[in-house]
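S.K.: Below is the structure I would like to discuss, written out as structure tokens.
The values are calculated or read from the model by the stated rules, or taken from the named source; none is laboratory data. Because the structure is predicted, anything quoted here is derived from the model rather than measured. FYI the Cβ positions are ideal-geometry reconstructions off the backbone, even for glycines, and counts take in every protein chain you see. The protein model used for the area step is the full one, side chains on, heavy atoms only, and it has no ligands, DNA or RNA in it. Shrake-Rupley method; radii C 1.70, N 1.55, O 1.52, S 1.80 Å.
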Amino acid sequence: MMRSAIADGFYSPRARYGVSLVALALTYFLTARFGLWLATYMNSTVSAVWPASGLAIAALVLLGWRYWPAILMGAFFASLFIFPWYVALVIGVGCSLEALAALWLLNRSGGFHAALDRVQDVVKLTFFAAPLACTVSASFGIGALGATHLLSESELARGWFIWWMGDMMGCLLVAPALMVWWVHRRQALQFWPTLEATAILLLMLASMGVSTLTGVDQNHYVLFAFLIWAALRFGVPGVTLVTLAAAALGMVTALRPMAQAFSYVALFDMQILLSIIALSGLLVAAALAERKHSEWRLDQLARFDSLTGLANRAAFQEQLERTTAHVQRHGGNVALLYLDLDRFKQINDTLGHQAGDQLLQMMAARIQAGVRSEDFVARIGGDEFIVLVVGEHAARASAAVAQKILQTLAEPFSLLGHEYVMSASIGIGVLRATSTTTGGTPTQLDDAQELLRHADTAMYRAKQQHCGFLYFNSSMNVASKLQLSLESGLRRALEQAEFELYYQPKVDTVHQRITGAEALLRWSHPRSGLILPSHFIPAIEASSLMEPIGLWVLRQACQQIVNWQRDSLPGQRVAVNFSARQFALPNLLLMVDQVLQETGLDAEQLEVEITESTAMTNTRQTLDTLNALKQRGVRLTIDDFGTGYSSLAYLKRFPIDAIKIDRSFIQELGRDSDDAAIVRAIIQLAHGMQIRVIAEGVETTAQRDFLVQHGCDEIQGFLYSAALPAADYAVLLRVGM
């Protein structure tokens, strides 16, 4: 217990800070003593490079400003060997203020990257922060020496410049090396790059030759070739290594036996040369790093989804083609999981697109967590994700991966302070070297796009069956081909005028007269005869034909009313159904205006019916569209009322003229007391809000009598008439009910 308490105390943040402080102070002390030791060899009192200044700045940049006392202590004790304690204290204060000033200046305007991978960081350090910070240290140090008469007045200016220049060299050579290598310290050394870096240093030493060791001369300019080599191959870390080696080469002459001390001029020449080398190398390396980062960023934008960080459609296509090509050449198999979130649109419509984006990010993270490390995950658009399962047993493993993803997604997630549960539908296509496994039936695959189509088809079937995930099989392929054939037939039907509108009358329960009709689409196929809407309406809504066919129905219905009026038939009101996709069209209002203007129909004789689910899909957009239609005089009806939503409260907000009770409630009247109670409640509530009530699917007199008894306003159903062609409906109008 006591040992544990001691260990906890030793590893506490305060204890770690204290130990780090002492370690940094000792390191600074040793570095400063090393600089003074170099001075005794090079020029009795002057060191070409004061490494302690670079250490101080790098330490505060990397560890934080709280470590400035270590700089103060290290500088104080290092100076105490030479100067009185009060002078050593002033020098220590100047050195710590130098590091603090550099840190403050570096963090102005956009921050500072210790990796020095931006030109602005190199410029900020070498041309701005370091020169100004070194001014602080030189001013304190020379000021203290001058005030105590340890330095004559005639030597103050030169002494200040020498001090400033030595500190600058530490900032240019030592600080970048420490910062850059600290940032890259976790990168593992690789054999060939390490060998190449060693070769650079050895060749650099060899190129200098024996003449380099005899003094400072122009042979040092040979270093620029190695500097560029290091910048191109190893970036900023390589440049700092070369500049440190160049500094070592420049100063090694001072350590030779019988070497003469450097003159101030020779020392200054060396400092200028090393400054040029350091600045050139850092700027070149930073510029190259910026370019690589820009290229990487462009590659990220081109290949990765900016919202989730997953691979995008383009990257997925490349990966899919590579993977399938490898399988076809070398054997094996690959499984493709096509995933689509269920009811994601409701999140967007209810909580907003920002919440939807947050949901996609969370879902992407969960999908990534549900796959194996060797699997490939991509977001190909909207709420659709792709997982490529590879390996020898990919076909079998794909089911486990799909199950794991579904389990992960099913866990509740928090969004805007509330918990939600999501589900998804997954379709799986499998490619082997020769064929896919399709529920026991082999189906030959031609290329990667066929695999994608198979998975997409299986996903839609899984969504329809609410079964989580399904493998693609040949029956799905047949269904897909039938769907394509149906869409082709519908397109031909629109072009060749095979569509026809039928009209089912609505009867006023009080006066027992026809008040209007609902226009219902029929397909008069040249070979199959009359096709009911249940066989082709879903195909229309799932295709691009929704808008042109919807426009045709609206125009045809409006024109038919005008024709009946010209034939002196009783004034009618026709109801046209708008699907959810049609109602969400951005040009819906323009389409209605265009048709009314072309046909000359009074807007009050047009009635628009939308289902309850359509009205509740996006309540804000629904309200805006309904208000715009109402302002034009169009009558508005909610169809299939009572199915799927408890939306009676929205009747107060929507400018509705009528609601149509769904036929499922009407059919059980007289047999189901619950349905009867629901119908009564709907009628009473609607009348309380001055909304008319229409009952559809009325087939018996008992149903009619119940509705009449409880005040239903209009009735529609086979009891009065089935849907009729326009000519037959005109006859019905003439003779009456």
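S.K.: Please list, in chain and number order, the residues 5+ apart from Phe469 or on another chain whose amide H is under 5 Å from its amide H, with Hs placed from the backbone.
M.R.: Under 5 Å from the amide H of Phe469: Ile426.
S.K.: Could you compute the net charge surrounding Tyr28? Neighbours are other residues with a C-beta less than 14 Å from the C-beta of Tyr28; K and R count +1, D and E count -1.
M.R.: Charge balance in the 14 Å sphere: -1.
S.K.: What net charge do the residues around Leu103 carry, taking every other residue with its C-beta under 13 Å from that of Leu103, with Lys and Arg at +1 and Asp and Glu at -1? Working shown, then result.
M.R.: Values: positive: Arg66, Arg108, Lys124; negative: Glu98.
Net local charge, Leu103 excluded: +2.
S.K.: Can I ask one more? Tell me which residues come under 5 Å, amide H to amide H, from Leu724 once H is placed; ignore anything under 5 positions away on its chain.
M.R.: Hits under the 5 Å cutoff: Tyr503, Gln504.
S.K.: Here is a follow-up. Gain in length, Thr40 to Ser154, computed as 0.36 nm per residue apart minus the alpha-carbon separation, to one decimal in nm? Don't skip to the answer; put the middle values down first.
M.R.: Working: separation 114, 0.36 × 114 = 41.04 nm, distance 2.24 nm.
Result: 38.8 nm gained on full extension.
S.K.: Also: Accessible area per residue for the chain in Å², computed with a 1.4 Å probe and the full protein assembly in place, what is it?
M.R.: That works out to 48 Å² for each residue.
S.K.: Over the chain, what is the relative contact order in percent, taking alpha-carbon pairs closer than 8 angstrom and at least six residues apart?
M.R.: Relative contact order comes out at 7 percent.
S.K.: Largest first, how would Tyr420, Tyr338, Tyr86 line up by accessible area (1.4 Å probe)?
M.R.: Descending order: Tyr86, Tyr420, Tyr338.
S.K.: Just want to confirm a number: the relative contact order over region 261-362, from Cα pairs under 8 angstrom separated by 6+ residues, in percent.
M.R.: Dividing the mean separation by the residue count of region 261-362 yields 15 percent.
S.K.: Based only on Cα atoms, what mean projected area does the convex hull of region 594-737 have, in nm²?
M.R.: Result: a mean projected hull area of 9.8 nm².
S.K.: Something else now. I want the antiparallel fraction of DSSP beta bridges within the chain, as a percent rounded to 5.
M.R.: Bridges in the chain that DSSP calls antiparallel: roughly 65 percent.
S.K.: Using θ = phi - 60° and the Karplus form 6.51 cos²θ - 1.76 cosθ + 1.60, what ³J(HN,Hα) does each residue of region 502-511 get, whole Hz, x for Gly and Pro?
M.R.: In residue order, the calculated couplings are 10, 10, 10, x, 10, 10, 5, 6, 7, 9 Hz.
S.K.: Let me ask something else. Counting alpha carbon pairs within less than 8 Å and at least 6 residues apart, what relative contact order, in whole percent, applies to region 375-422?
M.R.: Relative CO of region 375-422 lands at 20 percent.
S.K.: Can you put Lys404, Lys292 in order of accessible area, largest first, using a 1.4 Å probe?
M.R.: Result of the area sort, largest leading: Lys292, Lys404.
S.K.: Sticking with this one: Report ³J(HN,Hα) in whole Hz for each residue of region 289-296, in order, from the Karplus equation J = 6.51 cos²θ - 1.76 cosθ + 1.60 where θ = phi - 60°; Gly and Pro get x.
M.R.: My calculation for region 289-296 gives 5, 4, 5, 4, 5, 5, 5, 5 Hz in order.
S.K.: For an R0 of 56 angstrom, estimate the FRET efficiency from the Cβ-Cβ distance between Phe161 and Ala365 and round to the nearest 0.05.
M.R.: So the FRET efficiency works out to roughly 0.45.
S.K.: While we're here: What's the center-to-center distance, using Cα atoms, between region 118-145 and region 586-633 in Å?
M.R.: 71
S.K.: Where Lys and Arg each count +1 and Asp and Glu each count -1, what net charge lies around Phe161 among other residues with Cβ under 14 Å from its Cβ?
M.R.: Summing Lys and Arg as +1 and Asp and Glu as -1 gives -1.
S.K.: Using a 1.4 angstrom probe on the protein heavy atoms only, could you order Lys660, Lys463 from most to least accessible area? Present the calculation step by step, with values, prior to reporting the outcome.
M.R.: Numbers: Lys660 0, Lys463 50 Å².
Sorted descending by solvent-accessible area, the residues read Lys463, Lys660.
S.K.: Using a Förster radius of 41 Å, what is the FRET efficiency between Glu498 and Arg396 based on their Cβ-Cβ separation? Nearest 0.05, please.
M.R.: So, using R0 = 41 Å, E works out to roughly 0.25.
S.K.: Also, I was wondering about something else. I'm checking a number: the convex hull volume of the Cα atoms of region 31-86, normalised per residue, in Å³. What is it?
M.R.: Cα-based convex hull of region 31-86, divided per residue, equals 72 Å³.
S.K.: I've got another one for you. Round to a whole number: what % of the accessible area of the chain belongs to carbon and sulfur, probe 1.4 Å?
M.R.: 59
S.K.: Within 10 Å, count the other beta carbons around each residue, average over each peptide in 634-642, 311-319, and list them highest first.
M.R.: The peptides rank, most packed first, as 634-642, 311-319.
S.K.: Next question, about the same structure. Can you work out ³J(HN,Hα) from phi for every residue in region 634-642, in order, using Karplus 6.51 cos²θ - 1.76 cosθ + 1.60 and θ = phi - 60°, giving whole Hz and x for Gly and Pro?
M.R.: My calculation for region 634-642 gives 6, 7, 10, 9, 8, 8, 6, 5, x Hz in order.
S.K.: What accessible surface, in Å², does a 1.4 Å probe find on Arg513, ignoring ligands, DNA and RNA and rounding to the nearest 10?
M.R.: 130
S.K.: To the nearest 0.05, what FRET efficiency results for Ser423 and Glu450 with a Förster distance of 25 Å applied to their C-beta separation? Present the calculation step by step, with values, prior to reporting the outcome.
M.R.: On the way: r = 28 Å, r/R0 = 1.11.
It comes to 0.35.
S.K.: Now for a different question. Collect residues whose amide H, placed 1.01 Å from N in the peptide plane, falls under 5 Å from the amide H of Phe304; neighbours closer than 5 in sequence don't count.
M.R.: Amide H to amide H, under 5 Å and 5 or more residues apart or across chains, Phe304 pairs with Asn312.
S.K.: In nm, to one decimal, how far is the Leu719 label point from the Val731 one, both placed 7 Å along Cα→Cβ?
M.R.: For the pair Leu719/Val731, the computed spacing is 2.5 nm.
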